[in-house]
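What follows is a set of notes on a single structure, which appears directly below.
The values are calculated or read from the model by the stated rules, or taken from the named source; none is laboratory data. Since the structure is predicted, the reported quantities are computational estimates derived from the model, not experimental observations. Here Cβ is always computed from backbone atoms with ideal geometry, including for glycine, and neighbour counts include all displayed protein chains. For the accessible areas, the whole protein counts, side chains as well, though only heavy atoms, and no ligand, DNA or RNA atoms are used. Shrake-Rupley method; radii C 1.70, N 1.55, O 1.52, S 1.80 Å.
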Amino acid sequence: MATLQLLQSSVLAKGGHFSFSARKQPPWPWRGGVRMGLREDGPSVAVVGVTGAVGQEFLRVLSDRDFPYHSIKMLASARSAGKPLSFEGREYLIEELKESSFEGVDIALFSAGGSISKKFGPIAVHLGSVVVDNSSAFRMDEGVPLVIPEVNPEAMAHIKLGSGKGALIANPNCSTIICLMAATPLHRHAKVLRMVVSTYQAASGAGAAAMEELEQQTREVLEGKKPTCKIFNQQYAFNLFSHNAPIVSNGYNEEEMKLVKETRKIWNDPNVRVTATCIRVPVMRAHAESVNLQFEKPLDEDTAREILKNAAGVVVIDDRSSNRFPTPLEVSSKDDVAVGRIRSDLSQTGNHGLDIFICGDQIRKGAALNAIQIAEKLL
Ligand SMILES: NC(=O)c1ccc[n+]([C@@H]2O[C@H](COP(=O)([O-])OP(=O)(O)OC[C@H]3O[C@@H](n4cnc5c(N)ncnc54)[C@H](OP(=O)(O)O)[C@@H]3O)[C@@H](O)[C@H]2O)c1
């Protein structure tokens, strides 16, 4: 039942009113007489898709990190327009996303799906906003940086806030971010030639409605009823299945191909060989990934463990004696990606291979946190 509790504590307020209780204790948001968050000299921010799983997490992360803002616009569809939303002790009304929404907006955080990004992203850029986009709409476009701040911050170094010029920055796919948070420090040391990724992806990766469907199905199955399948076309509770992304002509699905293509772009290495199998598992929140790496230079498992222990945004949970390794529950709502099962791949010779198991909260580091870290680099 832990997953159900997690859902209740982490997702949308029901009944039309959205509320964010501060995790921090008073005197937050006042600190030393200075109000954090809302600040005259902060940028004007817009959150597009604010009612969604990622949009809600945007607000939590903005609060948690005391992100400075002069004003903040809460944008969603016409369905949500006019609903009240409390954020950092202030009341807002959710506004319908329109072409004029971005006038005077410095930073626009987008998480309302690819078609919304495609339509409104360029409009926001034209009006001078720097758009940080969570969808896949622009990720592979030449000239659009695809950024994990711990991995390739240099890709966005030319984009400046207040220059009067708008710009697009893409947030990578959540599975790619989680994988590369752990694989990159090892890649820097020994150069990855080939990477084999198997994912175990949570319901939250498919949005708030998918989380609700998993909860509902779990209840229905336990009550002996036929599970309701609206988001996914098959039973999800007490089951697992191949990722619901469409299959492309080579037999991979789109989620798998994102891991392949985005890794090459982020590492700026068109030759790295990547293959992936992506699976949905009935976990409410946070993805897991088994990753096999083949290196150009030898890398033994003790050195790899030390590298990972010192990597920014990574924690090592690798206790062989008590069989304790990362779990999705343990990383839920956490910033860091957890790595364990660090072992030399015995199918390869001379310490040229390594197996690792990674868990990361894909709504947080895989989406909202990564995007806000990008926005912080603009300040
Ligand atoms: N979930 C993840 O872990 C994750 C990770 C990385 C990237 N992403 C990407 O982030 C985006 C959002 O994902 P999500 O999981 O947060 O989805 P979600 O929970 O389904 O939320 C979708 C959001 O988009 C808004 N929206 C839908 N149609 C709209 C319209 N016509 N105009 C304005 N707003 C509209 C919704 O507003 P209403 O409530 O008003 O309908 C809602 O706020 C997707 O592109 C997804 O691929 C998600």
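Going residue by residue through segment 272-295, is there one that turns out to be open to solvent by less than 70 Å² (accessible area, probe 1.4 Å) and free of Cβ contacts under 8 Å to residues at least 40 places away in the same chain? There is no residue in segment 272-295 that is open to solvent by less than 70 Å² (accessible area, probe 1.4 Å) and free of Cβ contacts under 8 Å to residues at least 40 places away in the same chain. The residues listed here are TYR252, TYR236; of these, the one that is more than 12 Å from THR176 (Cα to Cα) and in contact (Cβ under 8 Å) with a residue 40 or more places away in the chain is TYR236. Tell me which strands (runs of 3 or more DSSP E) are completely within segment 283-367 and hold 3 or more residues being farther than 19 Å from ARG188 by Cα, or say none if there are none. The strands (runs of 3 or more DSSP E) meeting that bar are 287-295.
Taking segment 216-255 as the range and being open to solvent by less than 20 Å² (accessible area, probe 1.4 Å), within 14 Å of the ligand (Cβ to nearest atom) and assigned to a helix (DSSP H, G or I) as the test, only GLU255 passes. For segment 103-130, the set of residues classified as away from the ligand (no atom under 13 Å from the Cβ) and either in contact with a Leu (Cβ under 9 Å, 6 or more places away or on another chain) or of a type outside the set (A, V, I, L, M) (or both) consists of GLU103, GLY104, VAL105, ASP106, ILE107, PRO122, VAL125, HIS126, GLY128, SER129, VAL130, listed by residue number.
Here's a check for you: in segment 300-316, which residue that is within 25 Å of the chain's Cα centre (by Cα) and open to solvent by 50 Å² or more (accessible area, probe 1.4 Å) is farthest from THR349 (Cα to Cα)? Before the answer, list the steps.
Taking segment 300-316 as the starting set, the residues that turn out to be within 25 Å of the chain's Cα centre (by Cα) are 304-305, 307-316.
Applying the additional criterion that residues be open to solvent by 50 Å² or more (accessible area, probe 1.4 Å) yields 309-310, 312, 315.
Working: LYS309: 25, ASN310: 26, ALA312: 29, VAL315: 27 Å.
Filtering segment 300-316 for residues that are within 25 Å of the chain's Cα centre (by Cα) and open to solvent by 50 Å² or more (accessible area, probe 1.4 Å), the one farthest from THR349 (Cα to Cα) comes out as ALA312.
Just wondering, is there one or more residues in segment 186-201 that are closer than 20 Å to ASN134 by Cβ and surrounded by 17 or more Cβ atoms within 10 Å (Cβ to Cβ)? Yes. Residue count for segment 132-155 under the criterion of being closer than 18 Å to LYS365 by Cα and of a type outside the set (Asp, Glu): the result is 13.
Within segment 166-209, track down each residue that is assigned to a loop (DSSP other than H, G, I, E, B), at pLDDT 95 or above and within 14 Å of the ligand (Cβ to nearest atom). Steps first, answer last, please.
Pass one, segment 166-209, residues assigned to a loop (DSSP other than H, G, I, E, B): 166, 171-173, 191, 202, 207.
Next, from what is left, pick out any that are at pLDDT 95 or above: 166, 171-173, 191, 202.
ASN171, PRO172, ASN173, ALA202 - these are the residues of segment 166-209 that are assigned to a loop (DSSP other than H, G, I, E, B), at pLDDT 95 or above and within 14 Å of the ligand (Cβ to nearest atom).
The number of residues in segment 343-379 that are away from the ligand (no atom under 16 Å from the Cβ) and crowded, with 23+ Cβ neighbours inside 10 Å comes to 2.
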